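So the structure is just underneath, and the comments pick up after that.
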Amino acid sequence: MPAANNDFPWMSYYGNYNSFKRKIKFHDKVVNIVDIEASNGLFDIVQKDRTLRVFICECYCFGVAEYEEALGNFENLDAIIINSTWCSYTPDVKEYCKEQRVGVFNLSEFFGAINLLNFWNYIAPSER
């Protein structure tokens, strides 16, 4: 269910990802962030040994249907980042994506997950 936009890609309420970009560039595992389709929330997060294709969205409750819709618009996603403190994702989509080696995270979870080789298996401290 979209937050501020009924049409895909459920972009940032403010229409930009400046806050995300400011924060991620200071992560010690991030070499660069590349705007692929920045207006649609699609970025590459470049690390020393890999590049992760991420879709950043604001969706009240990101589920399997939203993931499938995202795949219909963007191929080869490595991670979905819910870029809002008032939005979330379902447990079903977390497991569904994990089986495909795709991570689904809120912003703080993503910051922890990218420290791991198998980032899609990241478990938030509150769930450990």
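The values are calculated or read from the model by the stated rules, or taken from the named source; none is laboratory data. Every value quoted in this text rests on a predicted model; they were computed, and no experiment measured them. Glycine also receives a Cβ, built like all others from the backbone with ideal geometry; neighbour counts cover every protein chain displayed. Areas reflect the complete protein model, heavy atoms only, side chains present, ligands, DNA and RNA absent. Shrake-Rupley method; radii C 1.70, N 1.55, O 1.52, S 1.80 Å.
Could you check segment 40-86 and list, in sequence order, the residues that are touching a Pro at 6+ places or on another chain (Cβ under 9 Å), touching a residue at least 60 places away in the same chain (Cβ under 8 Å) and aliphatic (A, V, I, L, M)?
Residue satisfying the conditions is 70 alone.
Scan segment 114-128 and report the pairs whose first residue is more than 10 Å from residue 98 (Cα to Cα) and whose second residue is open to solvent by 80 Å² or more (accessible area, probe 1.4 Å) and outside any helix (DSSP H, G or I), with Cβ atoms within less than 7 Å and a gap of 6+ or a chain change.
114/29; 115/29
Got a number for residues in segment 45-84 being farther than 17 Å from residue 17 by Cβ and in a loop (DSSP other than H, G, I, E, B)? Steps first, answer last, please.
The initial filter retains those residues of segment 45-84 that are farther than 17 Å from residue 17 by Cβ, namely 47-51, 60-61, 63-69, 71-72, 75-76.
Checking which are in a loop (DSSP other than H, G, I, E, B) leaves us with 47-50, 60, 63, 75-76.
Looking only at that region, the number is 8.
Of these, 124, 79, 113, which one is open to solvent by less than 20 Å² (accessible area, probe 1.4 Å) and at pLDDT below 90?
Numbers: 79 fails: at pLDDT below 90; 113 fails: at pLDDT below 90.
Of the residues listed, the single one that is open to solvent by less than 20 Å² (accessible area, probe 1.4 Å) and at pLDDT below 90 is 124.
Somewhere in segment 85-93, is a residue assigned to a loop (DSSP other than H, G, I, E, B), acidic (Asp, Glu) and either modelled with pLDDT of 95 or more or open to solvent by 50 Å² or more (accessible area, probe 1.4 Å) (or both)? Write out each step before concluding.
Keep residues of segment 85-93 that are assigned to a loop (DSSP other than H, G, I, E, B), which gives 85-87, 90.
Next cut, acidic (Asp, Glu) only: none.
Within segment 85-93, none of the residues are assigned to a loop (DSSP other than H, G, I, E, B), acidic (Asp, Glu) and either modelled with pLDDT of 95 or more or open to solvent by 50 Å² or more (accessible area, probe 1.4 Å) (or both).
Given the criterion open to solvent by 10 Å² or more (accessible area, probe 1.4 Å), aliphatic (A, V, I, L, M) and closer than 24 Å to residue 128 by Cβ, identify the matching residue among 107, 52, 71. Walk me through it before giving the result.
On the way: 52 fails: open to solvent by 10 Å² or more (accessible area, probe 1.4 Å); 71 fails: closer than 24 Å to residue 128 by Cβ.
Just a single option satisfies the conditions, and that option is 107.
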